[in-house]
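I have placed the structure first, in the form of structure tokens, so that the comments after it can refer back to it.
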Amino acid sequence: MSNTSSFAGDISSTIGRPFAPTVEKDPTSTSMLHYQTIFPNEGVSLEEFRVKDYQLDGRPPSYPPKPEFCGVTLASEKRSLFDIEEDHSLPSSPNEIEESHFPPPHLNNLWYDDGSVVLRAGDDLFRVHKSILSQKSSVFATILLQSQSENTETYEGCPVVALGDDAEELRQLLLTIYETSYFQDNAQYFVYLCAILRLSTKYDMERLRDLALQRLKRGVPTTLASFDYPGYQDDRATAQRNVLAVINIAREINCLELLPCAYYYCSRLPTSTIFKGNGGAVLALPDITACILGKDQLLNMQRQTTHPFLYTLPKLNFGIGCKHCGGNCILLLEYLQHRDLARPCTFEQFTDWEKIGVCKSCASTLQSAHMKDRRDAWAQLPRIFGLESWEKVVA
């Protein structure tokens, strides 16, 4: 990944730097408004964050319960106040990431009297049917076939097959196999989805894996249209609250198409949370690096491409232009008093034109340009985080 952003007229990071107002005017522009743009005096090199041998592949390593990043203790940060849409708000405290749970207990205890094999995971036993498992999974078929040819332990006349899976995750997989509507009834539980993705990948249950992946992608989309779809707002909120776990499961099952949007969500978290993790979820170093480096480029893109109207003061172009919204700088300043532009909102759709002093006529034009700029920016999202293009990532 290059040290510098690939965007024209790039503005460097402004961490801890004062701003100096500079008037920028385009004499060739036919726009009704001129803008006064605020530029930073000096920038911060991306080398401050770069890590040697930076790569974005492989499964994240395991971490101790209380991880440290290079022995550095990071100070807590205040949460961002800037969210274009309230439904897409960040957690109410810096480290508040949802502690998701498995579905409630089910009446099926997965002990069938006519079962032909006993699966053991930890201290839990499940008496199920070889024929059903073999039909659903070629990996299970191989495991069960091997158990017949070996001197295996038996329980109530059935061979016992010990699996290295988490007992609760295996229970959820078996319930999904045996109960017809179980997936549909419980897909809203994030931990359940992760369990299904993990085990369906391990046991080569392609159809179930695709089903779980499509559900998770409602909250971690690969298209801007899906990102904007109102019916997926709850899924997006769940994914954002569990974004560290989303990144880790994407690595574990080798599903890179989840990473661009997940990295975007992660870049909006406080830096201390990105480094230290939260709720038992900790990122691997390549993923931490991607989020930190990508965050700076997202802010540049936000300032220059998708939301420039929030960084500029409209000034009336005397003799030409809109008399209704040209001089309402106060409304924009009041609006920004309650927003924090230090964290990315690059792909959030802006609709509060009236609140920043733009009339309905001008708002229509600006909205169209805003939507086009968001589409162009979305196309570049994977490369911002060091990944290949959407076409190659999704393939």
Computed over segment 151-251, the relative contact order (Cα-Cα under 8 Å, seq sep at least six) in percent reads 18
Charge tally for neighbours of P104 with beta carbon under 14 Å away, counting Lys, Arg as +1 and Asp, Glu as -1, is -2
The ³J(HN,Hα) series, computed from each phi in segment 256-270 with the Karplus coefficients 6.51, -1.76 and 1.60 at θ = phi - 60°, rounded to the nearest Hz and given as x for glycine or proline, is 5, 5, 7, 5, x, 5, 5, 4, 4, 4, 5, 5, 8, 6, x
Note, F385: beta-carbon cut-off 11 Å, +1 each Lys/Arg, -1 each Asp/Glu, net 0
If the chain between Q135 and S361 were fully extended at 0.36 nm per residue, the gain over the current Cα-Cα distance would be 75.2 nm
Given backbone amide H placed at 1.01 Å from N, residues whose amide H is under 5 Å from that of C359, ignoring those fewer than 5 places away on the same chain, are C325
XL table K276/K372; K217/K372; K360/K392; K355/K392; K217/K355; Cα-Cα > 31 Å flagged, in table order, is K276/K372; K360/K392; K355/K392; K217/K355
For segment 165-212, the accessible surface attributable to carbon and sulfur atoms (probe 1.4 angstrom, ligands and nucleic acids excluded) amounts in percent to 44
Expected vector for segment 368-375, Karplus 3J(HN,Hα) from phi with 6.51, -1.76, 1.60 and θ = phi - 60°, integer Hz, x for Gly and Pro, equals 4, 5, 4, 5, 5, 5, 5, 5
Surrounding charge for D114, neighbours by C-beta under 15 angstrom, Lys/Arg +1, Asp/Glu -1, total 0
Sorted list, accessible surface of protein heavy atoms, 1.4 Å probe, largest first, for W111, W390 is W111, W390
Taking the alpha-carbon centre of each part, the distance from segment 118-135 to segment 149-211 in Å is 9
The answer for L387, listing residues at least 5 apart or on another chain whose modeled amide H is closer than 5 Å to its amide H, is none
Any residue on another chain or 5+ positions along whose placed amide H is under 5 Å from the amide H of V117 is listed here as V128, K130
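The values are calculated or read from the model by the stated rules, or taken from the named source; none is laboratory data. Since the structure is predicted, the reported quantities are computational estimates derived from the model, not experimental observations. Please note: Cβ atoms are built from the backbone with ideal geometry, for glycine as well, and neighbour counts cover all protein chains shown. For accessibility, only protein heavy atoms count, side chains too; no ligands or nucleic acids. Shrake-Rupley method; radii C 1.70, N 1.55, O 1.52, S 1.80 Å.
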